[in-house]
Amino acid sequence: MLDNQTFLITGIADENSLAMTTAEKILANNGKVICTGLGVTPFHKNLSEKAESFLNKNYEDFENACKKVLGDDVYTAPLDVTLPESLNYFADDLKTKDIKLNGFLHAIAMDKTIRNKAVKPMLEVTAEEFNDTMNVSAFSLVTLCHALLANEVLQNGASIVSLSYIAAEKVSFFPYINMSIAKAALERLTIEMAYELGKKYGIRANAIRFSPFMGSKAGNATLKVEDVERANRISPLGNALPEDLAHEIVHLFRKETRITGEIRHVDGGFHIMG
């Protein structure tokens, strides 16, 4: 299904990440993957010892997980989407290695207003916290597209998928506030990319809202067991599984589809409930 095609997978933190399941599904369909994780790059300046230690540990976990699940030969690289130099360095490296991308998964998110499963009320969120979350979790879609296209790495007819969830549209019982607004922006930017990139390059762009999931680092940092169980009871088909999400992403990555500008749901029908 994905023979001779290569896809960039962002957002892998460990072997339980949703993005990792997608990478596995791509390989199972004869595609290739390029994986990026957060780590120290040559463009990080004046890092504190604590920050450098965090980034090094994060990248070590990412790289070990990729090799364990995807194999020793998988291409891995550190990438900080907030640094234009890091984005351009990564894209230029792909170009130098003559690696062409047929699409990518945007699964990057960060919100410092969530700590120990506690979430700041919106009225207490600072402008800096809001802007940081928006920059990493939403606007990075634009900066990543720009870097890949400027270096002629992202091919005409490629497919982009952004990972989101229902809280982008509705106030929910999940502990997301600031991040929900960023995800709403990510969905709107995905639609804008569908128009702009579709017109100019024939590139498709879609977003997927997934069920609450505690298996990943991100989900475990925010969700409680009762949140996931409640969603599972409410959803007509129960919560979707990571494999369901990966299957839909692979479907959207297929060249044969002319699907673009959609916000799709892989959530067992949770979104239809009142």
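The values are calculated or read from the model by the stated rules, or taken from the named source; none is laboratory data. Not measured: the values here are computed from a predicted model. FYI the Cβ positions are ideal-geometry reconstructions off the backbone, even for glycines, and counts take in every protein chain you see. Side chains included, ligands, DNA and RNA excluded: accessible areas come from the protein's heavy atoms. Shrake-Rupley method; radii C 1.70, N 1.55, O 1.52, S 1.80 Å.
Of everything in region 55-88, what is charged (D, E, K, R) and either in contact with a helix residue (DSSP H, G or I) (Cβ under 6 Å, 6 or more places away or on another chain) or open to solvent by less than 70 Å² (accessible area, probe 1.4 Å) (or both)? Give them in sequence order. Quick ask: steps written out before the conclusion?
Here is the first cut: in region 55-88, the ones charged (D, E, K, R) are 57, 60-61, 63, 67-68, 72-73, 80, 85.
Residues satisfying the conditions are Asp61, Glu63, Asp80.
Just give me the residues in region 1-43 being within 17 Å of Ala91 (Cα to Cα), outside any loop (DSSP other than H, G, I, E, B) and in contact with a helix residue (DSSP H, G or I) (Cβ under 6 Å, 6 or more places away or on another chain), in sequence order.
Phe7, Ile9, Val33, Cys35, Gly37
Among (1) on the phi > 0 side of the Ramachandran plot; (2) open to solvent by less than 30 Å² (accessible area, probe 1.4 Å), which single condition is Asn4 missing?
Every condition holds for Asn4 apart from (2).
Output the residues belonging to region 90-101 that are surrounded by 18 or more Cβ atoms within 10 Å (Cβ to Cβ) and farther than 18 Å from Leu27 by Cβ.
Within region 90-101, Phe90, Ala91, Leu94 meet the criteria.
Do you know which residues across region 44-54 are exposed (fewer than 15 other Cβ atoms within 10 Å of the Cβ) and either charged (D, E, K, R) or under 16 Å from Ser86 (Cβ atoms) (or both)?
Within region 44-54, Lys45, Asn46, Leu47, Glu49, Lys50, Ala51, Glu52 meet the criteria.
Within region 103-120, count every residue that is open to solvent by 30 Å² or more (accessible area, probe 1.4 Å) and either on the phi < 0 side of the Ramachandran plot or without any contact (Cβ under 8 Å) to a residue 60 or more places away in the chain (or both).
8
Yes or no: Asn16 on the phi < 0 side of the Ramachandran plot and under 15 Å from the mean Cα position of the chain (by Cα)?
Criteria met by Asn16.
Using beta carbons and a limit of 6 Å, which pairs, at least six apart or on different chains, have the first residue in region 166-188 and closer than 17 Å to Val266 by Cβ and the second one among the acidic types (Asp, Glu)?
Final answer for the pair search is Ala168/Glu187; Phe174/Asp227.
Scanning region 17-35 for residues that are of a type in the set (Gly, Ala, Ser) and more than 17 Å from Leu101 (Cβ to Cβ), which turns out surrounded by the most Cβ atoms within 10 Å (Cβ to Cβ)? Don't jump to the end; show me each part of the working.
We begin by selecting, within region 17-35, every residue of a type in the set (Gly, Ala, Ser); these are 17, 19, 23, 28, 31.
Next, only the ones that are more than 17 Å from Leu101 (Cβ to Cβ) stay: 17, 28.
Working: Ser17: 25, Ala28: 12.
So the residue we want is Ser17.
Do you know which residues across region 135-162 are out of contact with any helix residue (DSSP H, G or I) (no Cβ under 7 Å at 6 or more places or on another chain), crowded, with 22+ Cβ neighbours inside 10 Å and in a strand (DSSP E or B)?
Ala158
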